[in-house]
């Protein structure tokens, strides 16, 4: 078994191709398992409770995305610092970043829960809860909110695991959470007859048990990092850097959440509850199928961050080159799979032929330009990995805020429901061009630094 120190050094010594595969495979498996939370809930709810229930939990999803983005802000920000400190052999600096992210989440998750319950009805209406879907959305929301601290700590600790090169433990914990959720879902939804509330309780319980396992892991001596009270105190320089680097993830996921609210209102206006339910399913299908790409990005981040800290620019260029190639191959495969199997995938979630037909048509339009998304994700991840907060923030905002938001406000009024779907590939193309413009100078700079 590798020691924590050897595992960390592998980020700077192992061949890039096999290392990317070794780190991305468990990350992909883990992220696929994590995505199963909402997918399994939706399958059980859709086939057992109907399209209105799917629409109800789809309304809550952008709120969950805001919680997700908060955890990613802290987790990715801390992970970037930790991987660079480990690359520079600064264990004390890595430990300080770990302690501060624990402190930040204790404060942040508590505040989210407090505000979430204080403004329950206002938030649900803001994110599109209308008509007959309201009681389903409210029931799911009230119970899912209670698990916020567990989910956020799970996500943060898994980012930390990846930062020190221990992708395997991150995979194990996410698979464990998904398996527990699959087991608990039918028990709470059908056996205890709790409906959508049962789906939320199943998720909360699986996240709590996963957190207990992660706490045990960090106390077991298998990680470079430890729970030490002397580090769990606010260090404002570390907090500022954590939030600055993580802000790009907050921007990306937060923007996606805001867009989902606008999207839900637009879908309801031009297509009713059925369109809301259709996009809710599309969102879950795409989250699942894009996990191999997310896994590659999760592998790319610690390798790039570690070698940036070690000033190994030649190795960084090779990591970027191979990651762009692999990511492009992955998204081409995803594109082909979704195009071919759109209807069968929708039939997993619902027996309603109108919902299946509408959803398959919409998904084929939405994914038209997904083959260029891989480069955009690697480009944005590069700036996160090297701690360049502003470019990472700009790229995180480019697709959702700079392009998709204006398109969603204009195109539906011209082309009605098809205008909603067409906004996505147009935003993908524009975001790709911005990423290319920002990454090319960095590529040339790394080439120059590698030759010095």
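Any read-out appearing in this document is the output of simple, stated calculations on the displayed coordinates, not a laboratory observation. Not measured: the values here are computed from a predicted model. Neighbour counts are summed over all protein chains in view; Cβ atoms, including those assigned to glycine, are modelled from backbone coordinates with ideal geometry.
In degrees between 0 and 90, to the nearest 10, how far off the longest principal axis of the chain does helix 134-144 point, with axes built from Cα atoms?
Helix 134-144 and the main axis of the chain meet at about 30 degrees.
Over the Cα atoms, compute the radius of gyration (one decimal) and Dmax (the largest Cα-Cα distance, rounded to a whole number) for segment 243-372, in Å.
Every Cα atom of segment 243-372 included, Rg and Dmax give 18.2, 57 Å.
Would you please classify the overall shape of segment 190-287 from the alpha carbon gyration tensor, given that a ≥ b ≥ c denote the square roots of the eigenvalues, rounded means a/c under 1.5, and beyond that prolate means a/b larger than b/c while oblate covers the rest?
oblate
Just how far, in whole angstrom, is segment 71-146 from segment 194-211 if you go by their alpha carbon centroids?
A separation of 17 Å, based on Cα centres.
Can you sort 388, 351 from fewest to most other Cβ atoms within 10 Å of each residue's own Cβ?
351, 388
Just need the relative contact order of the chain here, percent rounded to a whole number, with Cα pairs under 8 Å and 6+ apart.
25 percent
Once Rg and Dmax of the Cα atoms in Å is worked out from the coordinates, which option in [x] 21.2, 67; [y] 23.7, 75; [z] 23.4, 88 does it equal?
Matching the structure shown: [x].
Helix-derived [θ] at 222 nm for the chain: sum -39500 (n - 2.57) over DSSP H runs of at least 4, divide by residue count, nearest 500?
Value at 222 nm, helices only: -29000 deg cm²/dmol.
Compute the helix-to-body angle for 417-451: its Cα long axis versus the longest principal axis of the chain, expressed 0 to 90° and rounded to tens.
0 degrees
Let me make sure I get this right: for segment 353-434, a, b and c are the square roots of the gyration tensor eigenvalues over alpha carbons, sorted descending. Under 1.5 in a/c it's rounded, otherwise prolate if a/b > b/c, else oblate. Which is it?
Prolate shape, in that a/c is at least 1.5 and a/b is the bigger ratio.
Based only on other Cβ atoms within 10 Å, what is the fewest-to-most ordering of 426, 211?
With the sparsest Cβ surroundings first, the list reads 426, 211.
Taking square-rooted eigenvalues a ≥ b ≥ c of the alpha carbon gyration tensor, is segment 54-142 rounded, prolate or oblate, where a/c under 1.5 means rounded and, failing that, a/b exceeding b/c means prolate?
It comes out prolate by the Cα gyration axes.
Taking other Cβ within 10 Å of each residue's Cβ, how do 217, 141 sort, fewest first?
If I rank by nearby Cβ atoms, fewest first, I get 217, 141.
Return a whole-number percent for the relative contact order of segment 246-353, with Cα pairs under 8 Å and 6 or more residues apart as the contact set.
Here the relative contact order equals 23 percent.
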